[in-house]
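One structure below.
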Amino acid sequence: MEKESLFDHATWGTLDGFIRELPEPVKLVVWGETDASLGEREALRLGEKLAERYEIVTFEQRPRRENYDYYPVMGIMRLDGEEEIDNGVRLIGLPAGYQINSLVGAIQAVSFRGSRLEGRTRIQLSRLPADVRLDIEVFTSAESEEGPLVATLAAGMAAASPQIRAFLIAADVFPQAALRYSVRTIPHTVIDGRVHIQGVLDEDAMLKQLGRALK
């Protein structure tokens, strides 16, 4: 018996419009085990199906890692020939509902190398000190329409700067992660574990918050 399709026809059509127009190939890496949890099993199936449907997407399963607290973890890498370029873009949890838009936004951000950010944003990011490392954690949910806006912005900044990593976290799947930061509203962004922002923010606002985290 054939497994139930991951998405309906309309959703696949929307994905087609975005993914088939990617400028550079991407690799989806899923850390997880098929026999560990339903979420991991479905995330692996998602990666496989996307790679089957789109020539520009490849997929790889990797075993669980000791330094990851929650699974599944999906990483989005850019491919330069056979070289894998890891911009530090991660989705924590199986994308569902509006989080599918976060996945698509992250894939686009990596494939476009963050070039969809405004020019002045990319210039400011390029001026970050080489020894700086900033983590942007974006808490979203399947029901949050605004979540993908912040998630895509964070992924774009990670794709544009080697000093930034982006973690897009499904707070409805992992409430314990949200509890750790006392997250009560979605979307909620945490920079470097210290700077908290509620709601949607644009590029200028995100840059200001990155500046706060550096002080």
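Taking every alpha carbon pair in segment 37-130, what does the distance histogram look like in 10 angstrom bins from 0, in percent? Using 10 Å bins, I get a P(r) of 13, 43, 31, 12, 0 for segment 37-130. Taking the average, over residues, of other Cβ atoms within 10 Å as the packing measure, peptides 116-124, 86-94 rank 86-94, 116-124 from highest down.
Computed with a 1.4 Å probe on the full set of protein chains, the accessible area for residue 56 sits at about 40 Å². Using the alpha-carbon positions of segment 1-69, Rg (one decimal) and Dmax (whole number) come out as 13.5, 38 Å.
Summing Cβ point charges (Lys, Arg +1; Asp, Glu -1) relative to the Cα centre of the chain gives a dipole of roughly 860 debye.
Within the chain, what's the longest stretch lacking chymotrypsin sites (Phe, Trp or Tyr not before Pro) that sit in DSSP loops with no more than 13 other Cβ atoms inside 10 Å? Please list the in-between numbers first.
Details: sites that count: 7, 68.
With chymotrypsin sites (Phe, Trp or Tyr not before Pro) excluded where exposed in loops, the chain gives 69-215 as its longest stretch.
For the chain, a Gaussian network of Cα nodes joined below 10 Å ranks 126, 161, 111 by mean-square fluctuation, and the top entry is 126.
Once the Cβ-Cβ distance between residue 192 and residue 67 is put in as r, and R0 is 22 Å, what FRET efficiency do you end up with, to the nearest 0.05?
That gives a FRET efficiency of 0.80.
Placing +1 on the Cβ of every Lys and Arg and -1 on the Cβ of every Asp and Glu, with nothing else charged, gives segment 69-125 a dipole about its Cα centre of roughly 360 debye. Relative to the longest principal axis of the Cα atoms of the chain, helix 99-111 runs at roughly 70 degrees. So if I take the centroid of the Cα atoms in segment 100-116 and the same for segment 1-57, what is the distance between those two points in Å? Here the two parts' Cα centres lie 15 Å apart. Candidates 54, 178, 71 compared by Cα position along the dipole of the chain: farthest toward the positive end lies 178, with charges placed on Cβ.
Rounded to the nearest 500, what is the 222 nm mean residue ellipticity of the chain from helices alone, with -39500 (n - 2.57) per DSSP H run of 4+ residues and division by all residues?
Values: 7 runs with 80 residues, N = 215.
So the calculated ellipticity at 222 nm is -11500 deg cm²/dmol.
Straight-distance candidates among the aspartates and glutamates for linking to residue 208, with alpha-carbon spacing under 14 Å and chain neighbours fewer than 8 residues away dropped: 192.
With a Förster radius of 45 Å applied to the C-beta separation of residue 182 and residue 115, the computed FRET efficiency comes to 0.80.
Classify segment 144-213: rounded, prolate or oblate, from the alpha-carbon gyration tensor (a ≥ b ≥ c, eigenvalue square roots; a/c under 1.5 rounded; otherwise prolate if a/b is larger than b/c)? Prolate shape, in that a/c is at least 1.5 and a/b is the bigger ratio.
The values are calculated or read from the model by the stated rules, or taken from the named source; none is laboratory data. Quick caveat, the model's predicted, so the values are computed rather than measured. Note: ideal-geometry Cβ built from the backbone for every residue, glycine included; neighbour counts use all protein chains shown. All accessible areas refer to the heavy atoms of the entire protein, side chains included, with ligands and DNA or RNA removed. Shrake-Rupley method; radii C 1.70, N 1.55, O 1.52, S 1.80 Å.
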